[in-house]
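The structure under discussion appears below in the form of structure tokens.
The values are calculated or read from the model by the stated rules, or taken from the named source; none is laboratory data. Computed from a predicted model, the values in this text were never measured in an experiment. Backbone-built Cβ (ideal geometry, glycine too); neighbour counts: all protein chains shown. Note: areas computed on protein heavy atoms with side chains; ligands, DNA, RNA excluded. Shrake-Rupley method; radii C 1.70, N 1.55, O 1.52, S 1.80 Å.
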Amino acid sequence: MRLVFTVEQRDALRERVLELAEEDERVVAGAVVGSLAVDSGDRFSDLDLTFGIADPVHVVDVLDDWTRTLSDELEALRLVDLERGSTTYRVLLLSGAMQLDLSMTPAARFRQAGPRFRLLFGATAADAADPSTPPTLGLFIPTPPTLEDIFGWGVIYAIHARACIERGRRWQAEHYVGAVRDHALSLACIHEGLPAVQARGYDDLPADALARFEGAHVGTVEPGALRAALAASVRELIREGAAARLPHAEVVGERLAELR
């Protein structure tokens, strides 16, 4: 599978986001998290940056301002927001299927939430750790309640599935491929007025709709089979996103073209 974004492009994005932080007086601390915090990652690693925001600024205001800037400059698209405790996480999709995970926390609660955390500037809060649990993307996230979130999480899982296939993590890839398919099926259920929770409406979908998903099943965890099932799942996710008239479905489809 051809690489869709380069390490150099990811590094350039990192520098641009850090420039935004340096220029924004509301930002008092910043860190890199995830695999790039402990080593150089690999060519499939996404970019995870987290920032502490001065009180009494609302973190969502900063996220919205940065999202507008990154959208204007780099055509970044917002996929999902997720709140855990005092932290708001926002996932953006850029060209080349590059994923940027931004998170922001009030400075008084800005702390290291796990071992994969490297402070870049500023300081973490000195008091006791935040009792809230950091989010685990891709495993225990319930089916989101909105069309936009269902679609956005499906896109995130597709990117993760591609990375797992290329890393040789076949069973993890199988999990993510199934998640892409399930989110596309959930959108199909909602479109038909059927319940999407816990797959309750899947079997009641029209026969022609179900036929389109036949290629989305993973018959074996060999790389070729995983890629084929991922491609079929992504095609249906984009199809259902377009049918739901989600504003960026077509652009997302273009950015995931390598997965289709």
query = In the stretch 40-62, what residues are in contact (Cβ under 8 Å) with a residue 12 or more places away in the chain and in a loop (DSSP other than H, G, I, E, B)?
reply = Asp42, Arg43, Phe44, Ser45, Asp46, Ala54, Asp55, Val57
task = Consider Thr105 carefully, then state whether it is closer than 29 Å to Pro145 by Cβ, in a strand (DSSP E or B) and over 17 Å from the mean Cα position of the chain (by Cα).
result = yes
key: Only listed residue being under 16 Å from the mean Cα position of the chain (by Cα) and either more than 18 Å from Glu8 (Cβ to Cβ) or modelled with pLDDT of 95 or more (or both), chosen from Leu77, Leu18   = Leu77
request  = Residues being hydrophobic (A, V, I, L, M, F, W, C) and assigned to a helix (DSSP H, G or I): count how many of those fall in the stretch 205-224.
outcome  = 5
request  = Evaluate the stretch 23-41: report whether one residue or more is touching a strand residue (DSSP E or B) at 6+ places or on another chain (Cβ under 7 Å), among the basic types (Lys, Arg) and more than 27 Å from Glu258 (Cα to Cα).
outcome  = yes
ask   = For residues in the stretch 23-39 being part of a loop (DSSP other than H, G, I, E, B) and acidic (Asp, Glu), which is surrounded by the most Cβ atoms within 10 Å (Cβ to Cβ)?
value = Asp24
inquiry  = Checking the structure you have, find out if any residue of the stretch 5-18 is assigned to a helix (DSSP H, G or I) and among the hydroxyl-bearing types (Ser, Thr, Tyr).
reply    = no
query = Between a first residue in the stretch 109-124 that is free of Cβ contacts under 8 Å to residues at least 24 places away in the same chain and a second residue that is among the charged types (D, E, K, R), which pairs have beta carbons less than 7 Å apart while being 6 or more apart in sequence or on different chains?
reply = Arg111/Asp130
note = Condition set open to solvent by 50 Å² or more (accessible area, probe 1.4 Å) and charged (D, E, K, R), scope the stretch 173-192, selection farthest from Arg212 (Cα to Cα): answer is Glu174
inquiry  = Can you tell me how many residues within the stretch 183-197 are free of Cβ contacts under 8 Å to residues at least 24 places away in the same chain and not in a loop (DSSP other than H, G, I, E, B)?
reply    = 1
inquiry  = Here is a check on your reading of the model: is Arg68 part of a strand (DSSP E or B), open to solvent by 30 Å² or more (accessible area, probe 1.4 Å) and either modelled with pLDDT of 95 or more or farther than 28 Å from Gly253 by Cβ (or both)?
reply    = no
